[in-house]
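Read-outs throughout are calculated quantities, based only on the coordinates presented, and are distinct from any laboratory measurement. Fair warning: this is a prediction, and the values are worked out from it, not measured in the lab. Methodologically, a virtual Cβ is constructed for each residue, glycine included, from the backbone with ideal geometry; neighbour enumeration extends over all protein chains shown.
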Amino acid sequence: MSGNVSLTKDASFRYANALYNLALEKKSTLKYEKDLDKFLEIFDEEEYLSLFVSSPLYPRDNQLTTMKVICSKLKLDENVANTVLVMTTKRRLFALKDMILQFKDLCRQERNELIIEVASASELSKSNLDEIKKSISAKIDGNIIIKSRCDPSIIGGLILKVGSKLIDTSIRSKLSKLKNNLKEVG
């Protein structure tokens, strides 16, 4: 299983890096990123696309024809479409979504942006989000983008994801720790 994850990450990074360098050369990083966002929207809307690109059961010709149609309908830049089609031809279509995410990460690094994911038990107000952003900005140099989501199962508190770090101050995690501590005692 970890071999498949490694293969996907390796393939996605190589294609993302190649496309990113081409985008820098053409001064089109923003345009390419918007084109790739169109693909992400389809991944989110059509669960069948994820199955289609990840399944080795579909013949290469079927995948290539389908990807050509999708690229054409989305009116993608020629270089973006060619990258998708090369991935299809090389049977690396399973890494498409990861490639797009890698490309977006490279663009964020160029713009010195950092995405902070915040989960809370109830919707946070704009002033709460601004306060979180201000607090993090004081410690981190860069443009902070906050993505907030509501998760009632955490009961209270916050869960912050900053890059690869996770800060969990939720009541759910505190109750879980308390439960585990009580098990050790009893």
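Please give the FRET efficiency for Arg60 paired with Leu178, using the beta carbon to beta carbon distance and R0 = 41 Å, rounded to the nearest 0.05. List each step's numbers first, then the result.
On the way: r = 54 Å, r/R0 = 1.32.
After rounding to 0.05, the efficiency reads 0.15.
Calculation over all alpha carbon pairs of the stretch 112-185 in 10 angstrom steps from 0 returns a P(r) of 19, 45, 24, 10, 2 percent.
Each listed q (0.18, 0.22, 0.26, 0.27 Å⁻¹) maps to a log10 I(q)/I(0) for the stretch 142-186 from the Debye sum over equal C-alpha point scatterers, namely -0.65, -0.82, -0.97, -1.00.
Counting other C-beta atoms within 10 Å, and keeping those with at most 14, which DSSP coil trypsin sites (Lys or Arg not before Pro) do you find in the stretch 49-143?
Numbers: sites: Arg60, Lys68, Lys73, Lys75, Lys90, Arg91, Arg92, Lys97, Lys104, Arg108, Arg111, Lys126, Lys133, Lys134, Lys139; in loops: Lys75, Lys90, Arg91, Arg92, Arg111, Lys139.
In loop regions of the stretch 49-143 (DSSP not H, G, I, E or B), the sparsely surrounded trypsin sites (Lys or Arg not before Pro) are Lys75, Lys90, Arg91, Arg111, Lys139.
Of the GluC sites (Glu not before Pro) in the stretch 60-127, the ones in a loop by DSSP (not H, G, I, E or B) with at most 12 other beta carbons within 10 Å are Glu123. Note on Glu117/Lys34: beta-carbon distance plugged into 1/(1 + (r/R0)^6) with R0 of 25 Å gives a FRET efficiency of 0.70. Do the alpha carbons of any pairs in Lys134/Lys183; Lys139/Lys174; Lys126/Lys183; Lys27/Lys126; Lys75/Lys104 sit beyond 30 Å of each other, and which pairs? Check vs 30 Å cut-off fails for Lys134/Lys183; Lys126/Lys183; Lys27/Lys126.
Sum -39500 (n - 2.57) across every DSSP H segment of at least 4 residues in the chain, then divide by the residue count to get the 222 nm mean residue ellipticity, nearest 500. Estimated from H runs of four or more residues: -21000 deg cm²/dmol.
For Leu114, the residues whose modelled amide H falls within less than 5 Å of its own, excluding neighbours fewer than 5 places apart on the same chain, are Asn143, Ile144, Ile145. Kirkwood radius, the stretch 1-152, all distinct C-alpha pairs, inverse of mean reciprocal distance: 17.2 Å.
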